1. Just to verify a result, which residue in the range 39-61, among those that are among the charged types (D, E, K, R) and open to solvent by 10 Å² or more (accessible area, probe 1.4 Å), is nearest to Y253 (Cα to Cα)?
2. Residues being closer than 14 Å to R185 by Cβ, buried (at least 18 other Cβ atoms within 10 Å of the Cβ) and either among the acidic types (D, E) or within 11 Å of the ligand (Cβ to nearest atom) (or both): count how many of those fall in the range 77-103.
3. What about I223, is it without any contact (Cβ under 8 Å) to a residue 12 or more places away in the chain, under 24 Å from F168 (Cα atoms) and either open to solvent by 50 Å² or more (accessible area, probe 1.4 Å) or among the acidic types (D, E) (or both)?
4. Does K163 fit the bill of being within 16 Å of the ligand (Cβ to nearest atom) and modelled with pLDDT under 80?
5. Is there a residue in the range 166-173 that is closer than 20 Å to I247 by Cα and either modelled with pLDDT under 70 or open to solvent by 90 Å² or more (accessible area, probe 1.4 Å) (or both)?
6. Take T132 and decide whether it is hydroxyl-bearing (S, T, Y), open to solvent by 30 Å² or more (accessible area, probe 1.4 Å), modelled with pLDDT under 90 and assigned to a loop (DSSP other than H, G, I, E, B).
7. Inspect the range 92-110 for any residue being part of a strand (DSSP E or B) and touching a Gly at 6+ places or on another chain (Cβ under 8 Å) and give the result as yes or no.
8. Filter the range 111-129 down to residues that are in a loop (DSSP other than H, G, I, E, B) and closer than 28 Å to K195 by Cα and give me whichever is nearest to the ligand (Cβ to nearest atom).
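The values are calculated or read from the model by the stated rules, or taken from the named source; none is laboratory data. It should be emphasised that the depicted structure is a prediction, and the values quoted were computed from it without experimental measurement. Here the Cβ positions follow ideal geometry from the backbone for every residue, glycine too, while neighbour counts run over all protein chains shown. In case anyone asks, the SASA skips ligands and DNA or RNA and just uses the protein heavy atoms, side chains included. Shrake-Rupley method; radii C 1.70, N 1.55, O 1.52, S 1.80 Å.
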Amino acid sequence: MPILSPKIPAHQELIKQVDYYLESKESSPLPPLGSGRMEFQLYKAALVMDMFLSRLEEVIEDTKSKAAERGIPVTCSKGCDVCCSQPISGSFFEGVLMELYLEANPPIKEQFLTKYDSWRSRIGDPQEYGQTLQSAIRALVNGSKDVSDYVRNAVDNFNQREKISCPFLEERSCSIYPVRPVACRQLLSIDDPIKCQTGEQARLLRAGDIDELTYRKLPLLLIHLGRSFGFPGIVNSVLPITTYELIKHGEKYVDMVIRDCDRISRR
Ligand code: SF4
């Protein structure tokens, strides 16, 4: 049974609270959001994620306009799917939002489910991938300036060194574009698109506003949401797997994620 029902109405109070949170200059904690059925809690968390992504999109569009005015246009465009052959990872709540979107769009859900088994059988071990990324984060914390080798190795191993398209990619476009995760939004090339095609390192647009949202506010928001809803929001996972497991196993999968997080936090 899918865990989310698209028919649940928007929660206006939550919207106000999240707006307040995202507007705030301080990293003030999100107020407790009350309790309820797991389904409703997850729906609210997905709604928050959706609002965060809308805000991020506004900031990205603004940044792109300003960069174009300065003569450094972003060269990413529809039809370029180079980034879509990397394992997309992100927070549990992003996976929940993606699942909600699929439940509201049955043809897209069917496309995804049709491709999933083949995609899953070709990729590497998601746990190993996660551990390599953790090593990259630790290296950053310990002062490394460049962890691109870690990340490249993690991606190469996960994709078994071949180009494996994301199961949400349809005819070189993202089938879940409105809810695509942060990881798919934040890298903006300002280089010749040919470099992405040939695997060269493209120059990326760096913007303080985007970094502020993705590296500072998002982790805080995930921690606060995790506490408010009782779910491990901060957990990082390969998102097509999270989405699939939510569709197929619903609450059982959520229970398993919560247990795993408890076990890891007690170590
Ligand atoms: S979710 Fe969409 S944008 Fe992200 S990798 Fe998959 S197809 Fe590409």
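1. Within the range 39-61, the first condition is being among the charged types (D, E, K, R), and the residues that meet it are 39, 44, 50, 55, 57-58, 61.
Add one more test, that the residue is open to solvent by 10 Å² or more (accessible area, probe 1.4 Å), and what stays is 39, 50, 55, 57-58, 61.
Values: E39: 13, D50: 22, R55: 29, E57: 30, E58: 33, E61: 36 Å.
This residue is E39.
2. 7
3. Details: without any contact (Cβ under 8 Å) to a residue 12 or more places away in the chain: yes; under 24 Å from F168 (Cα atoms): no; either open to solvent by 50 Å² or more (accessible area, probe 1.4 Å) or among the acidic types (D, E) (or both): yes.
Criteria not met by I223.
4. Values: within 16 Å of the ligand (Cβ to nearest atom): yes; modelled with pLDDT under 80: yes.
Criteria met by K163.
5. Looking for residues that are closer than 20 Å to I247 by Cα and either modelled with pLDDT under 70 or open to solvent by 90 Å² or more (accessible area, probe 1.4 Å) (or both), one finds none in the range 166-173, hence no.
6. On the way: hydroxyl-bearing (S, T, Y): yes; open to solvent by 30 Å² or more (accessible area, probe 1.4 Å): yes; modelled with pLDDT under 90: yes; assigned to a loop (DSSP other than H, G, I, E, B): no.
No, not satisfied.
7. First pass over the range 92-110, keeping only residues part of a strand (DSSP E or B): none.
Within the range 92-110, not a single residue is part of a strand (DSSP E or B) and touching a Gly at 6+ places or on another chain (Cβ under 8 Å).
8. Here is the first cut: in the range 111-129, the ones in a loop (DSSP other than H, G, I, E, B) are 123-125.
So of that shortlist, the ones also closer than 28 Å to K195 by Cα come out as 123-124.
On the way: I123: 13, G124: 16 Å.
Here the answer is I123.
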